[in-house]
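Every number here is computed from the coordinates shown, using simple stated rules; none is lab data. Note that this is a predicted model, so its numbers are computed, not measured. Ideal geometry is used to build each Cβ from the backbone, glycine not excepted, and the neighbour counts take in all protein chains shown.
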Protein chains: 2
Amino acid sequence: MQTDLHHDLSELKSLLGSNDVDGLREFCDTGHPGANAEVIAQLEVPEIVEVLSRIDLHTRTEIFAHMEIETQMEVASTLRRRDLVALVSTMSHDDRVDLFKRFPEEMRETILPGLAQAERDDILKLSSHPEGTAGSIMTSDYVTLSPDLTARQAIEKLRQEAPDKETIYHAYVIDEHRRLLGVVSLRELILAPGGRKVQELMNSELIFARVEDDQQDVARLISRYDLLALPIINGGDKLVGIVTHDDAMDVAEQEATEDFHKSATVGTLPSSIKEVGLTLLFRKRVFWLVLLVFGSLFSGAGIAYYEDTIAQYVALVFFLPLLINSAGNAGSQSATLMIRALATGDVVPRDWTHMLGRELLVATALGLTMALAVSALGLMRGGFGLAIVVALTMILVVVAGSVIGMSLPFLLSRLQMDPATASAPLITTISDALGVVIYFAIATSLLSMM
Amino acid sequence: MQTDLHHDLSELKSLLGSNDVDGLREFCDTGHPGANAEVIAQLEVPEIVEVLSRIDLHTRTEIFAHMEIETQMEVASTLRRRDLVALVSTMSHDDRVDLFKRFPEEMRETILPGLAQAERDDILKLSSHPEGTAGSIMTSDYVTLSPDLTARQAIEKLRQEAPDKETIYHAYVIDEHRRLLGVVSLRELILAPGGRKVQELMNSELIFARVEDDQQDVARLISRYDLLALPIINGGDKLVGIVTHDDAMDVAEQEATEDFHKSATVGTLPSSIKEVGLTLLFRKRVFWLVLLVFGSLFSGAGIAYYEDTIAQYVALVFFLPLLINSAGNAGSQSATLMIRALATGDVVPRDWTHMLGRELLVATALGLTMALAVSALGLMRGGFGLAIVVALTMILVVVAGSVIGMSLPFLLSRLQMDPATASAPLITTISDALGVVIYFAIATSLLSMM
């Protein structure tokens, strides 16, 4: 897919071995910094530091910024203080805050005094927002314009500030109190006559978010309106940052991964499954597994309660896994459909009654189909009575499982909890216990009548 | 979050009721077309057509393009041919192809003759790519430059073409055979001295994809390298389109939704869960549910085979749900972790052995912990012998479930199938059958010895 760009790790190693400084520089200056970062990150930490020390600050920062945050941390902790300060000063404002937040306390205290006052303030301000909020993913690298500039003056300002800013394709128009008045794109500025005022060109019907808004809502707005960046304002309606499209994409991906893991009762992992520590992985998995063991006791207790019925009609046991699994599977389907729809904003909490009606229809149809499939088996193994019991149970447990599965995410969302907690294993455990009781209750009453 | 932008549906309805054309125009010209499209889409189809007919073609197209494709289809089918042709001509190249592909054959044949030759060719070319490929999501709305233009000439060309192009922030440099030579950003053009040649400014170490590449790989490249757009080339290395960041975000979201649904054995849904037809929803859910019913027969058969053991030690049944569910739950965790890691590219197929080693360690630790939790219960309910049987079974089934869960996605990927097919219900069904056999085999041999 990117054959032209493929730099070989061995080429890099030989350049490093022969101490070919010009070669190293050329290697790093050619191609996308993200691709180069991937190759360089394969080296040992001292070698990475060696390569970075050979190249100019701008390229060094770009390559460093594209590395995984774990690698950044390892490299940062071996750099000399002066080099680290230079690197941090040059990084984009949101990237450096992400790194800064990971630094241990003493490291932060070593770096801060080396930075200019404005940068120090910027880092402290950006790092003050809680994880998961719009504030925690925004950057302060954007261009602001005064509404009475002309298009020509505005373009000149964008040009001057371009080297330091993350994006110059949108500029934010603010008044003297930094209140957001509008947004204007470089495209509009370029197309307009040079003398036109920014205030005539800007779009003042803004889409924005507030610092305390959920980062997932920010990503959703950027996705829905195909934005390059979304302005973020604080309680006083002042512009304090922007979130760019690439960060929104990262957030959407990260949130999808978290929901995915939760759907199988795995807690939030701080990094890649390949890198995460085994002890942490154990801890993120064990909680729900043990909890669900105790949940399964209800099914066990249900079975124990109906021991006499089981002893009398041993053929019943044959159908037990099949019936309770079907309830769990139908319930998992419904839960997963709702969790994802709530996460993408496709469905909102007040849609519950509407969705419930639809679910009842579909679940009944599913239950009938599956009852048909198993009643033949029931006839074969235990005759007419068993067939009736099994078919009736199937319809009831599939409908019950589905309704629980689709309702639980809504309930959790209403309780301000994460709908993704309604994981497949949780739904399965609940449906199992319910299925055991429904099955043996029907069996006891119907078979004793025959 | 966007209070300033909130247009009330009732305001729109009253404007429509009083036939206030100026009011309707102002309504549609103010604010983001995406937000307006959402409000207008709430109306009945004839009313939507009524609103759209009142406003100028440019605004009409922008609003129309932001509606869901189902709404677009309904509106398109009631428009007069001439109006539909005008709309299709004005839409962005990728959006109109998506719509065109949904049209029934006779509708396509009505529209095509009304379009200019170049547009007709463009639609036919773009619509020829199979769903799911880079070609199917690319657009032909981009600016190309010749390498010997100066920066000033290039900016002038971008300005002239801006009204018709989806993005002017990157331009693609091609030779006389349309072979891609490099990419240059508007930022670089603006910063450069006006007389500098494009070929000196452009970045020739390109990141690109081929028309036949998977759309998910395209989205991954755009995300990894924080790109605004990715150029797409054909077999002859000619530039044929670009994929923009917003379309990449849509693809990533859509692929995550599909994987999510598959993880609970729901097939790919063509539209929102709120809108999709109930019959279709039924069909997308029933296949695996019925298949897994027959899968569960293995567990049932296993139980039936050990009927004598069960009759002899009835206390065994109490622990059955707990043990087989634990295996299924641990297996679902492992499968989900791997499915997501393979989807994001975090893990690649050749990592299997490495991941297997890690899994064995974590699963053994999980199995031991859970064995500890249940052995106390075993002691209470059935004495020392039962405690040993239950604990030993727990360790074995948790490890077996985990290894199956983590390996199946790799195996499916090796077989060119979707790893997400290793759904939680499938893993649960397999682990169940295995769990029944392991449990009763251990019980039969150990308890008979005591």
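Counting only residues 5 or more places away or on other chains, whose amide H sits under 5 Å from the amide H of B:GLY182 once H atoms are built in the peptide plane? Residues meeting the criterion, in which the H sits 1.01 Å from N, are B:VAL173. At an R0 of 41 angstrom, the distance between the Cβ atoms of A:THR364 and B:GLU44 translates into a FRET efficiency of 0.85. Taking θ as phi - 60° and the Karplus parameters 6.51, -1.76 and 1.60, the scalar couplings of the range B:326-338 work out to 4, 4, x, 5, 4, x, 5, 4, 4, 5, 5, 4, 6 Hz in sequence order, x denoting glycine and proline. Volume of the convex hull of the protein assembly as shown (Cα atoms only), normalised per residue: 189 Å³.
With contacts taken as Cα pairs under 8 Å and at least 6 residues apart, chain B reaches a relative contact order of 10 percent. Distance between the pseudo-spin-label points of A:GLU161 and A:ARG80 (7 Å out from Cα toward the beta carbon): 3.5 nm. Our summary of shape: the Cα atoms of the range A:350-450 have principal axis extents of 49, 23, 21 Å, ordered from largest down, in whole angstrom. Within the listed set B:LEU191, B:LEU377, B:LEU396, the residue fluctuating most in the Gaussian network model of chain B (springs between alpha-carbon atoms under 10 angstrom) is B:LEU191.
Residue by residue, the range B:26-31 carries 3J(HN,Hα) couplings of 5, 3, 6, 7, 8, x Hz when phi is fed to the Karplus relation 6.51 cos²θ - 1.76 cosθ + 1.60 (θ = phi - 60°); x denotes Gly or Pro. Of the residues B:VAL143, B:THR133, B:ALA116, the one whose Cα sits farthest towards the positive end of the charge dipole of the range B:98-153 is B:VAL143 (charges of +1 on Lys and Arg Cβ, -1 on Asp and Glu Cβ, taken about the Cα centre). With the dipole of the range B:156-292 worked out from charges on the C-beta (+1 for Lys and Arg, -1 for Asp and Glu) around the Cα centre, which of B:ILE174, B:SER272, B:ALA162 lies farthest toward the positive end? Ranked along the dipole, the leading option is B:SER272. Comparing Cα centroids, the range A:255-307 and the range A:154-230 end up 44 angstrom apart. Taking the square roots of five times each eigenvalue of the Cα gyration tensor of the range B:1-137, the equivalent ellipsoid has semi-axes of 29, 16, 12 Å, listed largest first. Label separation (B:ASN234 vs B:GLU106): 3.3 nm, computed from points 7 Å beyond Cα along the C-beta direction. Taking other C-beta atoms within 10 angstrom as a stand-in for reagent exposure, B:VAL266, B:VAL218 fall in the order B:VAL266, B:VAL218, fewest first.
On full extension, the segment bounded by A:ALA311 and A:THR30 gains 93.5 nm, given 0.36 nm per residue less the C-alpha separation.
Working note: Cα gyration tensor of the range A:7-48, eigenvalues times five, square-rooted, sorted largest first, giving semi-axes of 14, 13, 8 Å.
In straight-distance terms, cross-link reach from B:LYS262 covers every one of the aspartates and glutamates whose alpha-carbon lies under 16 Å from its own, apart from those fewer than eight places away in the same chain; here that gives A:ASP259, B:GLU253, B:ASP418. Is it possible to state the helix-based mean residue ellipticity at 222 nm for chain A, with each DSSP H run of 4+ residues giving -39500 (n - 2.57), the sum divided by total residues, to the nearest 500 deg cm²/dmol? What is it? Computed ellipticity for chain A at 222 nm equals -21500 deg cm²/dmol.
Distances between every pair of Cα atoms in the range A:261-359, grouped in 5 Å steps from 0 to the bin holding the largest one, split as 2, 9, 12, 14, 13, 15, 14, 10, 6, 3, 1 percent. Kindly flag which residue pairs out of A:LYS197/B:LYS157; B:LYS125/B:LYS157; A:LYS125/A:LYS238; A:LYS101/A:LYS284 have an alpha-carbon separation exceeding 18 Å in this structure. In this structure, A:LYS197/B:LYS157; B:LYS125/B:LYS157; A:LYS101/A:LYS284 exceed 18 Å between Cα atoms.
For the range A:160-262, the equivalent ellipsoid derived from the Cα gyration tensor has semi-axes of 28, 16, 12 Å, listed largest first.
Of the residues B:HIS32, B:HIS170, B:HIS93, the one that moves most in a GNM of chain B with alpha-carbon contacts below 10 Å is B:HIS32. Across identical copies of the chain, B:SER445 has label-point separations of 4.5 nm, listed in ascending order, with the point defined 7 angstrom from Cα along Cα→Cβ. The A:MET73 and B:LEU57 beta-carbon pair, evaluated with R₀ = 60 Å, returns a calculated FRET efficiency of approximately 0.65. When +1 charges are put on Lys and Arg Cβ atoms and -1 charges on Asp and Glu Cβ atoms, the dipole computed for the protein assembly as shown relative to its Cα centre reaches about 2120 debye.
Loop-located GluC sites (Glu not before Pro) in the range B:40-138 (DSSP state other than H, G, I, E, B) with a sparse environment of at most 12 neighbouring Cβ atoms within 10 Å: B:GLU44, B:GLU131.
Take the Cα of B:MET417, step 7 Å toward its Cβ, do the same at B:SER14, and the gap between the two points is 6.0 nm. Using the Cβ-Cβ distance between A:ARG350 and B:ARG178 with R0 = 51 Å, the FRET efficiency computed as 1/(1 + (r/R0)^6) comes to roughly 0.45. Label point of B:LYS238 (7 Å along Cα→beta-carbon): distances to the other copies' equivalent points are 5.7 nm, sorted ascending. With neighbours defined as other Cβ atoms within 10 Å of a residue's Cβ, the residues A:GLU176, A:GLU156, A:GLU255 order from fewest to most as A:GLU176, A:GLU156, A:GLU255. The value obtained for chain A, namely the Cα convex hull volume divided by the number of residues, is 210 Å³ per residue. Taking the number of Cβ atoms within 10 Å of each Cβ as an exposure proxy, the fewest-first ranking of B:ASP250, B:ASP148, B:ASP259 is B:ASP148, B:ASP250, B:ASP259. Subtracting the Cα-Cα distance of B:LEU280 and B:LEU446 from 0.36 nm times their residue separation leaves 54.7 nm of extension gain.
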